[in-house]
1. Suppose the filter is out of contact with any helix residue (DSSP H, G or I) (no Cβ under 9 Å at 6 or more places or on another chain) and at pLDDT below 90; does residue 87 pass it?
2. Confirm whether residue 237 is in contact with a strand residue (DSSP E or B) (Cβ under 6 Å, 6 or more places away or on another chain), in contact (Cβ under 8 Å) with a residue 12 or more places away in the chain and surrounded by fewer than 18 Cβ atoms within 10 Å (Cβ to Cβ).
3. With respect to the numbered conditions (1) within 30 Å of residue 109 (Cα to Cα); (2) modelled with pLDDT of 90 or more, which one is the sole condition not fulfilled by residue 191?
4. With the structure loaded, tell me whether residue 73 is at pLDDT below 85 and open to solvent by less than 50 Å² (accessible area, probe 1.4 Å) or whether it fails that test.
5. Can you tell me how many residues in the stretch 76-114 are surrounded by fewer than 21 Cβ atoms within 10 Å (Cβ to Cβ) and hydrophobic (A, V, I, L, M, F, W, C)?
Amino acid sequence: MFRGFYQLTSAMLSHGRRLDVISNNMTNVSTAGYKAERYTDSTAFREVILSRVGNKDKVNTEEIGPYAYILAPDQQYTDFTQGSLEETELPLDFAIEGDGFFAIEWDGEVAYTRAGSFNLDEEGFLVLPGQGRVLDANRQPIRMATDNIYVDADGGIFTMEDRNLIANLGVFAFQDTDALERNDHGLFTGGQPQASTGYTIHHGMVERSNANMIQEMVAMMGTQRALQSAAQMSKIYDQVMTKDTTELGRL
């Protein structure tokens, strides 16, 4: 009977962590380029062999069989599916259709994002607000004298007047996106980036979050009910065991 507590406690931990992931997705539904997190099913501890022993003689044991206690670890992954593209008509907004990430100079290293709503800083560098400078195909900061620009589908940035090339937006892809880690600022680090080829740049547009509010709300309600059920069952277990110990003690 005590094993039921392992399962119920694991269920409550798992549902609690799943609620955290869902809440974060709902918070970022309006965040450009956000990629939703998904919580995977719970796994188990390594199987153990249960054995039966006598009341007095503990030498000759009898194996009952294997048993696995449920564990609710931190297992989640990022859903990198394409979000819908939204037209903004702002001159420094860019959206990637296809495979790839923008490169950002962040805290002494290069980080990656799908968010393409950029600005110019005081020195004229193209920046992701609050994060860092946007990098070109050679991983160098992009400096622009004006936002009156023309951008082609490959990410080439040209002056509107004479179509002189200013820079090429850096778009990088990863063979294994599972190697990427999201930092506290929503940027991705790690992995082995390489120049992307399967993409199209849309000027004056941004990629919306791929988190769907309706789907997240449905998932949240189902998870909350499952969490409440597990909590209620744990109370019943406690009551039953309390009754067993008190009545068996009288016998």
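The values are calculated or read from the model by the stated rules, or taken from the named source; none is laboratory data. The structure presented is a predicted model; accordingly, all values stated were derived computationally and were not measured. In this analysis, Cβ positions are derived from the backbone assuming ideal geometry, glycine residues included, and neighbour counts consider all displayed protein chains. Just so you know, the surface numbers come from the protein's heavy atoms only, side chains and all, with ligands and any DNA or RNA stripped out. Shrake-Rupley method; radii C 1.70, N 1.55, O 1.52, S 1.80 Å.
1. Values: out of contact with any helix residue (DSSP H, G or I) (no Cβ under 9 Å at 6 or more places or on another chain): yes; at pLDDT below 90: no.
Considered against the rule, which asks whether it is out of contact with any helix residue (DSSP H, G or I) (no Cβ under 9 Å at 6 or more places or on another chain) and at pLDDT below 90, residue 87 comes out as no.
2. Numbers: in contact with a strand residue (DSSP E or B) (Cβ under 6 Å, 6 or more places away or on another chain): no; in contact (Cβ under 8 Å) with a residue 12 or more places away in the chain: yes; surrounded by fewer than 18 Cβ atoms within 10 Å (Cβ to Cβ): yes.
Considered against the rule, which asks whether it is in contact with a strand residue (DSSP E or B) (Cβ under 6 Å, 6 or more places away or on another chain), in contact (Cβ under 8 Å) with a residue 12 or more places away in the chain and surrounded by fewer than 18 Cβ atoms within 10 Å (Cβ to Cβ), residue 237 comes out as no.
3. Among (1) within 30 Å of residue 109 (Cα to Cα); (2) modelled with pLDDT of 90 or more, residue 191 violates only (2).
4. On the way: at pLDDT below 85: yes; open to solvent by less than 50 Å² (accessible area, probe 1.4 Å): yes.
Yes: the conditions hold for residue 73.
5. 6
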